[in-house]
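The next block holds one structure in the form of structure tokens; read it before the comments.
The values are calculated or read from the model by the stated rules, or taken from the named source; none is laboratory data. These numbers come from a predicted model, not from an experiment. We place every Cβ from the backbone using ideal geometry, glycine too, and count neighbours over all the protein chains shown.
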Amino acid sequence: QLQASGGGLVQAGDSLRLSCAASGLTFRTAAVAWFRQAPGKDREFVAGMHRSGGTTYSSSVKGRFTVSRDSAKNTGYLQMNSLRPEDTAAYYCAAGPSVILSNLAPQSAYAYWGQGTLVTVSS
């Protein structure tokens, strides 16, 4: 089970850190990823971390967002800096023990999903 939190209303240029607490699985042996869905749009990949520590980012967030995990706390994070209005969306965390490093982006690769946490960025 995954529990996402940390969303909120911020202004453009601000930062937020989302958290994804896991129970019943460990991020030591599973990839963790973040997806987002803006109103009226499909859910899209944002960032992912393989169990080896390797990461992948979408081009729209690369250089601004950082995905990480704390194995001791069994929690994943998405640090979001320099937020823009187009980052407004519901953000979802996902985990999968069978995800391979070269294929972190597909939603179908993830077996476990958390509920969304809403991020709203005002201009």
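Key figures
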{"read-out": "Boolean, residue 98 is hydroxyl-bearing (Ser, Thr, Tyr) and farther than 21 Å from residue 21 by Cα", "value": "no"}
{"read-out": "Residue within the stretch 39-57 that is β-branched (Val, Ile, Thr), touching a Phe, Trp or Tyr at 6+ places or on another chain (Cβ under 9 Å) and at pLDDT 95 or above present", "value": "yes"}
{"read-out": "Subset of the stretch 9-38 (residues that are at positive phi and at pLDDT 95 or above)", "value": "13"}
